[in-house]
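**Q** Got a structure here, written out as structure tokens. Questions coming.
No lab work stands behind these numbers, since they all come straight from the coordinates. This structure is a prediction, so every number in the text was calculated from the model and none was measured. Here the Cβ is made from the backbone with ideal geometry for all residues, glycine too, and neighbour counts use every protein chain on show.
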Ligand SMILES: Nc1ncnc2c1ncn2[C@@H]1O[C@H](COP(=O)(O)OP(=O)(O)OP(=O)(O)O)[C@@H](O)[C@H]1O
Ligand SMILES: [Mg+2]
């Protein structure tokens, strides 16, 4: 996920101070990992340098934060383009799950045990997210659903792999 | 469910469960509300259960997962007293369910259990609301109050206005929700659900699960839920996985 383009997108709502951008970013997208101020200001100056935004005039009495940033036409175009283009549908083949299964098989270990505990861990997380959904607001549900569908995809891969483990083991060991 | 399952179950069991004495009352051998010990059952020469054990506490919601053909439905049917295992023991609330006469088991099913299956469970001659009211009518409630109780389920299930449709006039998903209402209307002590969301899209599946879990928690209903859908299983307190006719416990309490 692109922090600069997301901040730029928030800026499209209207001229904003870095502080407000950070607050809104954290509220919508932070998921427990808030942006640092230094990161926000560094990003805003880069956006200004690249002509995606301009810094407004220094304001009197505006607290420590002296200026607002304003998105440029070029910035608006970037946001529009970014929102319209699909994210790369990465199969994420180098994931830890994949690595652990293959390594276990290469080493002649029983990958089934690992898949079982991974499966249990995934379901435990899915239970937490489901409970969170049952209590949360609309955006919480949206976010939790995304995580749930991804975990579900992992789980299907886990089940599919578990069902073919012997066959995969033969292939992997034949290769090493 | 066919009627020949008992005959099919009379095969030489592979191993006998240890004899457990029935404890006083309230719970099974280990104190669980429902306790299946070392169940075996074959259909002809196909072994469906091979020493399957599962304990369920009162008020617990347990998801039963596992590959197709692993024995999930057979296990559910044994727990619910629909099938009798050829070996092993099924305890319900301190009773040996597998030792009860057919009549007593049917009475138990009617009086204390609720069922929801994947499809084809509504009585086609009855309207949707009559279907929902059926368990109440069978238990002797008068028609007026039974129908009134049945009707309260329709708005919550997004079925407003469909009360007098017959099952042939409902979509698969609508019929499934009617069946869910019917399974819960009499506030059963145990709800047995076999792929209750199998025919539903993700939105109605979610609606059904929220309702099922909400009602179960409110009523203190114990739920045994067979599903291959992890998102559905995530509504349960814990899951067990059935493989080749045995139960492997992965999370939550010990068996
Ligand atoms: N009435 C029956 N007659 C003969 N064989 C049966 C019968 N019911 C089930 N079986 C067999 O018993 C085994 C277990 O079946 P069961 O229906 O319990 O599986 P399951 O885990 O519920 O599968 P699914 O996920 O496909 O519903 C399978 O091999 C199945 O073919
Ligand atoms: Mg089944």
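**Q** Every residue in the range B:96-115 that is buried (at least 18 other Cβ atoms within 10 Å of the Cβ) and more than 16 Å from ligand 1 (Cβ to nearest atom), please. Lay out the reasoning, then the answer.
**A** We begin by selecting, within the range B:96-115, every residue buried (at least 18 other Cβ atoms within 10 Å of the Cβ); these are B:97-98, B:105, B:108-109, B:113-115.
Within the range B:96-115, B:97, B:98, B:105, B:108, B:109, B:113, B:114 qualify.
**Q** Taking residue A:70 as meeting all but one of (1) within 14 Å of chain B (Cβ to nearest Cβ); (2) not in a helix (DSSP H, G or I), write down the number of the exception.
**A** (1)
**Q** Between B:132, B:62, which is surrounded by 22 or more Cβ atoms within 10 Å (Cβ to Cβ) and within 14 Å of another protein chain (Cβ to nearest Cβ)?
**A** Numbers: B:132 fails: within 14 Å of another protein chain (Cβ to nearest Cβ).
Being surrounded by 22 or more Cβ atoms within 10 Å (Cβ to Cβ) and within 14 Å of another protein chain (Cβ to nearest Cβ) holds for just one of B:132, B:62, which is B:62.
**Q** Condition first: surrounded by fewer than 24 Cβ atoms within 10 Å (Cβ to Cβ) and within 9 Å of ligand 2 (Cβ to nearest atom). Now tell me which residues in the range B:71-92 satisfy that.
**A** Within the range B:71-92, B:73, B:76 qualify.
**Q** Which one of these does residue B:117 not meet: (1) touching a helix residue (DSSP H, G or I) at 6+ places or on another chain (Cβ under 6 Å); (2) within 21 Å of residue B:213 (Cα to Cα); (3) more than 14 Å from chain A (Cβ to nearest Cβ); (4) within 16 Å of ligand 2 (Cβ to nearest atom)?
**A** Failing condition for residue B:117: (1).
**Q** Any chance you could count how many residues in the range B:120-158 are in contact with a helix residue (DSSP H, G or I) (Cβ under 7 Å, 6 or more places away or on another chain) and closer than 25 Å to residue B:64 by Cβ?
**A** 4
**Q** Pull up the range A:11-24, narrow it to residues that are within 26 Å of residue A:146 (Cα to Cα) and surrounded by 19 or more Cβ atoms within 10 Å (Cβ to Cβ), then point me to the one that is farthest from the chain's Cα centre (by Cα).
**A** A:11
**Q** Just checking, does the range A:80-91 include any residue being more than 11 Å from chain B (Cβ to nearest Cβ), over 21 Å from the mean Cα position of the chain (by Cα), more than 20 Å from residue B:230 (Cα to Cα) and exposed (fewer than 15 other Cβ atoms within 10 Å of the Cβ)? Steps first, answer last, please.
**A** Restricting attention to the range A:80-91, the residues satisfying the condition of being more than 11 Å from chain B (Cβ to nearest Cβ) are A:80-91.
Those still in the list that are over 21 Å from the mean Cα position of the chain (by Cα) too: none.
Checking the range A:80-91: not a single residue is more than 11 Å from chain B (Cβ to nearest Cβ), over 21 Å from the mean Cα position of the chain (by Cα), more than 20 Å from residue B:230 (Cα to Cα) and exposed (fewer than 15 other Cβ atoms within 10 Å of the Cβ).
**Q** If residue B:123 passes every condition in (1) within 16 Å of ligand 2 (Cβ to nearest atom); (2) in a loop (DSSP other than H, G, I, E, B) but one, which one does it miss?
**A** The one condition residue B:123 does not meet is (1).
**Q** With over 14 Å from the mean Cα position of the chain (by Cα) and closer than 24 Å to residue B:232 by Cβ as the only criterion, which of B:51, B:88, B:44, B:55 stands out? If you could, list the steps in order and put the result at the bottom.
**A** On the way: B:51 fails: closer than 24 Å to residue B:232 by Cβ; B:88 fails: closer than 24 Å to residue B:232 by Cβ; B:44 fails: closer than 24 Å to residue B:232 by Cβ.
One residue alone meets the criteria, B:55.
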